[in-house]
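**Q** One structure, pasted below without further comment.
Derivation of every value follows stated rules applied to the coordinates shown; laboratory data play no part. Owing to the predicted nature of the structure, the values given are computational and were not obtained by experimental measurement. Because the Cβ atoms are built from the backbone with ideal geometry, glycine has one as well, and the counts that use them run over all protein chains shown.
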Amino acid sequence: MVRSRILLVEDDAMLARTLVELLQRSDYEVALAKQGREAIERLAREPFALVISDIFMPDSDGLELLDHIRRLPMRPPVLAMSGSSTARIGGMLKVAVALGATRTLSKPFTPAEFLSTVGQLVGAEVRRGSPAARPSPTAP
């Protein structure tokens with residue numbers, strides 16, 4: 001069985017460990033990037049079925065990463081996450097969707113909610129026949 005490859009972009013070490021463990025126990029192959037720039041470098045070298053990214057990170061934020069991903073010829077779906085203040089979360093997650101995030105999650109979320117969302121996004125890719133990536137929409 002081919003395991004779906006997921007790129008997790010999260011600067012909080014404790015949350016990153018927890019999410020990596022959850023994903024690996026659910027039989028996903030996980031690559032971890034601690035910052036947006038590191039994720040951009042990984043995306044240039046490797047295909048992923050899904051990118052899961054925090055929005056707020058010190059060196060380059062998730063919005064910058066989303067902007068980069070939407071310009072890729074083959075772009076994976078993106079699950080954007082945020083755990084900042086309530087008002088700020090809603091606004092930033094709306095911006096994330098406008099920049100191409102496929103789905104969003106507000107932190108904190110339950111493991112079941114997280115894995116269900118991941119499963120839906122990766123499952124959609126498998127049904128499309130492309131487990132690693134999908135074509136990007138044509139930009140106007």
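**Q** Between Leu22 and Ser60, 0.36 nm times their residue separation minus their Cα-Cα distance comes to what?
**A** Extra length available between Leu22 and Ser60 comes to 11.2 nm.
**Q** Among Leu7, Leu115, which comes first, then next, by fewest other beta-carbon atoms within 10 Å?
**A** Leu115, Leu7
**Q** Sticking with this one: Radius of gyration and Dmax for the stretch 5-127's Cα atoms, expressed in Å?
**A** 13.0, 36
**Q** Still on this structure, please answer the following. Count the net charge of all other residues whose Cβ sits under 14 Å from the Cβ of Glu64, scoring Lys and Arg as +1 and Asp and Glu as -1.
**A** -4
**Q** Length gain on complete extension for the stretch Glu46 to Leu72, per 0.36 nm per residue less the alpha carbon to alpha carbon distance?
**A** The Glu46-Leu72 span can extend by a further 8.1 nm.
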